[in-house]
Amino acid sequence: MRGLLLASGTMSLCDDLPLPTARKGWSRVRVLQAGICATDQALDRGYMGFCGVPGHEFVGIALDGPLAGKRVTGEINAGCGTCELCRNHDSRHCKHRTVLGILQHSGAFAEQLSLPNENLVHVPDSVSDSAATFVEPLAAALHIADDVDLARHKRALVAGDGKLGLLCAHALALHGCNVTIAGRHPERLPLLPRGATLVSGWLEASAPKDVLPFDLAVDATGNSDVLPRLLALVRPRGTIVIKTTTERPTSICWSSLVVNEQRLIGSRCGRFAPAIAALANGSVPVERWIAARYPLAQALQAFQHAGTKGTLKVLLQIS
Ligand SMILES: [Zn+2]
Ligand SMILES: [Zn+2]
């Protein structure tokens with residue numbers, strides 16, 4: 001089959017990739033569309049040393065399994081199925097998991113992929129193909145609400161006005177937060193949830209010192225320098241949620257975290273059902289963020305476009 005292959009640090013389009021084989025308890029999916037995300041761009045730069053087909057934000061048609069013939073998207077962590085975590089429905093933390101297009105698992109930038117049956121989720125007609133490619137990142141953004149009592153964290157700051165930052169801002173607004181987003185793209189104000197504020201200069205070394213502290217700060221920058229700055233912007237007993245992995249390590253001074261009794265929470269993937277519901281009722285207008293769609297044959301150009309400054313979402317039309 002045709003797909004985009006990342007091998008020895010080089011991305012290339014291949015026509016002879018092996019089709020996924022039928023496997024008990026797994027479904028094969030014909031991919032319709034897939035979104036290029038910052039993680040894919042990081043993999044391309046060598047993050048995780050990934051070798052294989054990248055891509056984890058997708059919509060497709062299930063070819064077999066219980067949802068055969070239906071339009072689906074899928075949770076990206078595939079656990080071993082037998083360990084205690086997997087038996088308790090927490091395969092996303094299984095020690096032996098693979099992760100679609102990220103860790104030892106062929107991803108969505110190819111004509112077909114395969115996932116365990118229980119990972120696949122039916123996409124209702126009210127969610128378009130393009131919107132469905134946002135289910136995975138929106139689920140990750142909405143996951144903040146699983147770990148933080150947002151009724152007690154109304155004043156929220158989102159660091160980063162990229163795709164994930166915008167999704168986090170919408171996720172928090174859906175839960176009734178007052179959202180300020182600190183970024184570098186003032187032109188993105190119309191893409192924010194109603195009532196949100198967009199500020200610039202807050203993530204730099206020269207950030208203002210007299211800001212009224214926030215209850216909650218969410219890091220969606222992928223920049224390891226930002227975390228120490230966020231600590232100073234959050235009130236005592238407030239919460240900082242880290243949504244992005246970073247390619248470089250960081251060092252922070254624990255003292256202010258301890259003295260102010262702030263909580264630091266790492267946060268990754270979320271449940272798909274709330275994300276599909278939010279897209280189905282139109283509460284997060286993701287289609288306005290799509291900068292371009294490219295056929296799979298032009299996947300390398302698509303990656304180039306996705307990497308140009310100021311570009312939000314670039315989609316690949318796979319089949
Ligand atoms: Zn992603
Ligand atoms: Zn397991």
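Every read-out reported here was derived from the displayed coordinates using simple, explicitly stated rules and does not represent laboratory data. Please read all numbers here as calculations on a predicted model, not as lab measurements. Note that each Cβ is placed from the backbone with ideal geometry, even for glycine, and that neighbours are counted across all protein chains shown.
Ordering Gly266, Gly165, Phe214 by the projection of their Cα atoms onto the charge dipole of the stretch 144-266, which places +1 on the Cβ of Lys and Arg and -1 on the Cβ of Asp and Glu, puts Phe214 at the extreme positive end.
Convex hull volume of the Cα atoms in the chain, per residue, in Å³? Let's see the in-between values first.
On the way: hull volume 42.5 nm³, N = 319.
Hull volume over Cα atoms, normalised by residue count, gives 133 Å³.
Distance between the modelled labels on Arg268 and Leu189, one decimal in nanometres: 3.8 nm (7 Å Cα→Cβ projection).
Working from the pairwise distances between different alpha carbons, so that the mean of 1/r is found and then inverted, what is the stretch 144-266's Kirkwood radius in Å? Intermediate values should be presented prior to the final figure.
On the way: mean 1/r = 0.0702 Å⁻¹.
14.2 Å is the Kirkwood radius here.
Taking 0.36 nm per residue of separation and subtracting the current Cα-Cα distance, fully stretching the chain between Ile290 and Val199 would add 30.5 nm.
Quick one: putting +1 on the C-beta of Lys and Arg, -1 on the C-beta of Asp and Glu, what dipole do you get for the stretch 121-218 around its Cα centre, in Debye to the nearest 20? Don't skip to the end; give the middle numbers.
On the way: 8 positive and 11 negative charges, 73 e Å.
The calculated dipole for the stretch 121-218 is roughly 360 debye.
For a label point 7 angstrom out from the Cα of Gln41 toward its Cβ, which stretches of the stretch 184-212 have the backbone nitrogen within less than 15 Å? Output list for this probe position: 184-185. Look at where the Cα atoms of the stretch 145-211 and of the stretch 45-95 average out, and the two centres are 30 Å apart. Taking every DSSP helix (H) stretch of at least 4 residues in the chain, weighting each as -39,500 (n - 2.57) and dividing the sum by the residue count yields a mean residue ellipticity at 222 nm of -5000 deg cm²/dmol. Dipole size of the chain about its Cα centre, with +1 on Lys/Arg Cβ and -1 on Asp/Glu Cβ: approximately 300 debye, rounded to the nearest 20.
The tail of the calculated P(r) for the stretch 125-176, taken as Cα-Cα distances beyond 15 Å, holds 48 percent of the pairs. Taking the chain as a Gaussian network of alpha-carbon nodes connected by springs under 10 Å, the highest mean-square fluctuation of the residues Gly101, Gly46, Gly165 belongs to Gly46.
Please compute the contact order of the chain in relative form: average sequence separation of alpha-carbon pairs under 8 Å and at least six residues apart, divided by the residue count, as a percent. Can you show the working numbers first?
Numbers: 705 pairs, mean separation 58.2, N = 319.
Once divided by the residue count of the chain, the mean separation gives 18 percent.
Axis angle, to the nearest 10 degrees, between helix 163-174 and the longest C-alpha principal axis of the chain: 70 degrees.
Calculated over the stretch 204-257, the projected area of the Cα convex hull averaged across directions stands at 3.8 nm². Projecting the alpha carbon convex hull of the stretch 4-146 along each direction and taking the average yields 8.9 nm². Under conditions of 4 °C and 1.567 mPa s, the stretch 261-319 yields 91 µm² s⁻¹ as its translational diffusion coefficient, taking Rh as the Kirkwood radius over Cα pairs in the Stokes-Einstein equation.
Let me know the Kirkwood hydrodynamic radius for the stretch 176-236, please, with Cα pairs as the basis and the value in Å to one decimal. Don't skip to the end; give the middle numbers.
Values: mean 1/r = 0.0806 Å⁻¹.
12.4 Å is the Kirkwood radius here.
Taking every DSSP beta bridge that has both ends in the chain, the antiparallel portion is near 55%.
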